[in-house]
Amino acid sequence: MIDSQPDLRLPYLTNALPGIGGELRVTPDDFVVEEIPLYLPQGEGQHLYVSLTKVGRTTKEIQRQLERLFGLRRGDVSFAGLKDKQARTTQTFSLNVGHQPPEYAESAAQRIAEALPAEVHWAKFHRNKLQPGHLLGNRFIIRVSNIGCSAAEAEARLAAIVQAIYSQGLPNFFGPQRFGFDGGNVRQGLALLLGERTQHDRWLRRFLISSYQSYLCNRYLARRLEMGAFDHLLPGDVAKKYATGGMFDVEDVAQEQPRYAQQEISFTAPLYGPKMWEAQAEAAALEAQVLAESPITLAHLAAARVEGTRRLGRLLVGDLSTRLSQSERTPDGTGLSVVVEFQLPKGAFATTVMRELMKVDLADLPALADEEDM
């Protein structure tokens, strides 16, 4: 049986810069997430798109409630990405209700508002079903309470860290919610890959194995940061263009490095599998080293029907801003909090940003149930 403890520790990009400390999510309103859609519904079709804001409910809980409310089959209600439970989150669901008269959308919105613990913003028809990943990203407004320094010191620390993030980007780490309490999801995923346990729930099996893939990806990114290879490309990297998503092999580092420095391209990190686009040369050696330190091989992944893919290695954070706010929760009114606002592409984790600002390790942050898209 596998009983080894996964190494969830991650280095900081801004290790030399002190953070502000503090606490996340004293209340759900301290963590606000708004989905950025890939497209908007056109007003016709059989799929009813509904935009709503929820608090204290997972995305899947709302999905099941909508299925029951409209008498729909499992899978007839879909969404673009999972959103966290203990937060105020705004996202869109699509309901396959068939072709209906135009007035149906308004009555359905009212029906949802009356039956579900959610605020409904609009409901419109569209021709296609909303699929996982059909979003550009998410906007975040996050309050850090009970910061561990004075207002002047907090402003100075935040300014230095924000500047570093803008100039260098961040390692695109997976967040702690992917790994479960104390790495439990990682251990279960490993046991599944090694054939030491079974899981008949297909979604859960996929998620647990994905958790182990994500863990290895984090180990790769951590190794790259620790060896001083985050600020430059390696020979043989598989690079990705930020603007178009196109990928290519890095054959001439000297030629491509200026594009990396100008934040036009990034290296990609491995989500291991037999059909993953393979790196070459020095980049391939590093990827092989990380996999060799794991109990699994590509054969284990192939047997589990895990194909593998690549993940953007460097995360660029859009519109990152911070501001001090007088806390209203301390009896004497002297407590300080910081409000952080930023935008991330789909699949990226807000905790990757917050841990750099706070210098609180990922494992110590409150559990974020399902922040990323799946």
**Prompt:** If you take the residues of the range 3-41 that are among the charged types (D, E, K, R) and part of a loop (DSSP other than H, G, I, E, B), which of them is nearest to THR351 (Cα to Cα)?
**Reply:** ARG25
**Item:** Residue check for SER107: in a strand (DSSP E or B) and at pLDDT 95 or above
**Value:** no
**Request:** Examine the range 75-91 for a residue that is at pLDDT 95 or above, at positive phi and part of a loop (DSSP other than H, G, I, E, B), and state whether such a residue exists.
**Result:** no
**ARG127 vs. criteria buried (at least 17 other Cβ atoms within 10 Å of the Cβ) and either not assigned by TED's automatic domain parsing to the domain that holds ALA222 or not aliphatic (A, V, I, L, M) (or both)** = no
**Request:** Evaluate the following for LEU38: is it crowded, with 18+ Cβ neighbours inside 10 Å, in contact (Cβ under 8 Å) with a residue 40 or more places away in the chain and not polar (S, T, N, Q)?
**Result:** no
**Subset of the range 184-205 that is closer than 27 Å to ALA350 by Cβ and over 17 Å from the mean Cα position of the chain (by Cα) - its residue that is surrounded by the fewest Cβ atoms within 10 Å (Cβ to Cβ)** = TRP203
**Complete:** Taking the range 337-347 and keeping only residues that are crowded, with 18+ Cβ neighbours inside 10 Å and under 18 Å from LEU24 (Cα atoms), one is left with SER337, VAL338, VAL340, PHE342
**Prompt:** Among the listed residues ALA269, ALA229, which satisfies the condition of being under 25 Å from ALA164 (Cβ atoms) and in a loop (DSSP other than H, G, I, E, B)?
**Reply:** ALA229
**Request:** Could you list all residues from the range 259-287 that are free of Cβ contacts under 8 Å to residues at least 60 places away in the same chain, closer than 16 Å to ARG311 by Cβ and polar (S, T, N, Q)?
**Result:** THR268
**Item:** Per-region count, the range 130-155, residues surrounded by 14 or more Cβ atoms within 10 Å (Cβ to Cβ) and part of a helix (DSSP H, G or I)
**Value:** 2
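Can you pull out the residues in the range 42-65 that are assigned to a helix (DSSP H, G or I) and either of a type in the set (S, T, N, Q) or not assigned by TED's automatic domain parsing to the domain that holds PRO101 (or both)?
Within the range 42-65, THR59, GLN63, GLN65 meet the criteria.
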**Item:** Of residues in the range 110-124 being in a strand (DSSP E or B) and crowded, with 17+ Cβ neighbours inside 10 Å, the one modelled with the lowest pLDDT
**Value:** ALA118
**Request:** Within the range 267-303, track down each residue that is farther than 22 Å from GLY189 by Cα and surrounded by fewer than 22 Cβ atoms within 10 Å (Cβ to Cβ).
**Result:** TRP277, GLU278, GLN280, ALA281, GLU282, ALA284, ALA285, LEU286
**Complete:** Pairs returned, first residue in the range 331-348 that is more than 15 Å from ILE141 (Cα to Cα), second residue that is assigned to a loop (DSSP other than H, G, I, E, B) and modelled with pLDDT of 90 or more, beta-carbon separation under 6 angstrom, 6 or more apart or interchain, are LEU336/ILE147
**Item:** Check on LEU286, in a helix (DSSP H, G or I) and among the hydrophobic types (A, V, I, L, M, F, W, C)
**Value:** yes
**Complete:** Of those in the range 157-193 that are in contact with a Cys (Cβ under 9 Å, 6 or more places away or on another chain) and not charged (D, E, K, R), the residue nearest to ARG205 (Cα to Cα) is PHE174
**Asked** Do we have any residue at all in the range 308-321 that's modelled with pLDDT of 85 or more, at positive phi and loosely packed, with under 14 Cβ neighbours inside 10 Å?
**Response** yes
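The values are calculated or read from the model by the stated rules, or taken from the named source; none is laboratory data. Nothing here was measured: the structure is a model prediction, and the numbers come from that model. Note that we place each Cβ from the backbone using ideal geometry, even for glycine, and neighbour counts take in every protein chain shown.
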